[in-house]
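Notes to accompany the following structure.
Please treat every number below as a calculation from the coordinates, not as lab data. This structure is a prediction, so every number in the text was calculated from the model and none was measured. Heads up, the Cβs are rebuilt from the backbone with ideal geometry, glycines too, and the neighbour counts pull from every protein chain shown.
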Amino acid sequence: MNLVWFGVRSVCLFGKKKDGKNIYEERVLVFSGSNWQEAVSKAMAEMKEYTGFLKTVGYSEVVGYEQDGEPMIDGYEVWSEMYETTEDLDAFVESRYKKYKYQPDD
């Protein structure tokens, strides 16, 4: 089977500050798969395990891209960044990732 590597970004509610602001974590991990759906399944399973450990929730969608180059380590975290806001998870993802989404010209 020929495996392809994907960088997959997920977002989860990491916790709450004393002032009531939500803390969100954006993570990029790499997963292999014979296709995008297989990599997404691994990413969603990892997010379920991670958010279960934190006793919190993850956003229901992930995004990613196909890697080129040499094989990597499945589930290896290559990026993590924290954000804080009073927005709920859906509003945070909308304002952070969807509001200014690039739409190429036809």
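Assorted remarks:
- Residues whose amide H lies under 5 Å from that of V57, counting only those 5 or more places away or on a different chain, are L13; hydrogens are built 1.01 Å from N in the peptide plane.
- Between E77 and K99, the FRET efficiency from the beta-carbon distance, with R0 = 25 Å, is close to 0.45.
- Here the chain is treated as a sphere whose radius is the Kirkwood value from Cα pairs; by Stokes-Einstein at 20 °C and 1.002 mPa s it diffuses with a coefficient of 145 µm²/s.
- In order along region 58-69, phi translates into HN-Hα couplings of x, 5, 6, 10, 10, 10, x, 8, 7, 7, 10, x Hz, rounded to whole numbers, per the Karplus curve 6.51 cos²θ - 1.76 cosθ + 1.60 with θ = phi - 60° and x for Gly and Pro.
- In terms of Cα atoms, the Rg and Dmax of region 1-41 work out to 15.0, 51 Å.
- When the charge dipole of region 1-98 is built from unit charges on Cβ atoms (+1 for Lys and Arg, -1 for Asp and Glu) and taken about the Cα centre, the candidate among Y76, Y50, G7 whose Cα reaches farthest toward its positive end is Y50.
- A simple count of charges around I73, restricted to other residues whose Cβ falls under 14 Å of its Cβ and scoring Lys, Arg +1 and Asp, Glu -1, yields -3.
- Dipole magnitude of region 4-98, debye to nearest 20 (Cβ charges: Lys/Arg +1, Asp/Glu -1, about Cα centre): 420 debye
- When shorter helices are ignored and each DSSP H run of at least 4 residues is given -39500 (n - 2.57), the per-residue value for the chain at 222 nm works out to -7000 deg cm²/dmol.
- Sequence-ordered 3J(HN,Hα) estimates for region 73-83 from the Karplus curve with 6.51, -1.76 and 1.60 and θ = phi - 60° stand at 9, 4, x, 6, 7, 10, 7, 8, 9, 9, 9 Hz, glycine and proline given as x.
- Summed side-chain charge close to V57 - residues other than V57 whose Cβ falls under 15 Å, Lys, Arg +1, Asp, Glu -1: -4
- Region 9-44 and region 66-81 have Cα centres lying 14 Å from one another.
- HN-Hα J in Hz across region 38-45 - Karplus 6.51, -1.76, 1.60, θ = phi - 60°, x for Gly and Pro: 5, 5, 5, 4, 5, 5, 5, 5
- With both labels modelled 7 Å from their Cα along Cα-to-Cβ, the D19 to E87 distance reads 1.8 nm.
- Taking F53, F92, F31 as the candidate residues, the one with maximal mean-square fluctuation in a Gaussian network model of the chain, Cα springs under 10 Å, is F53.
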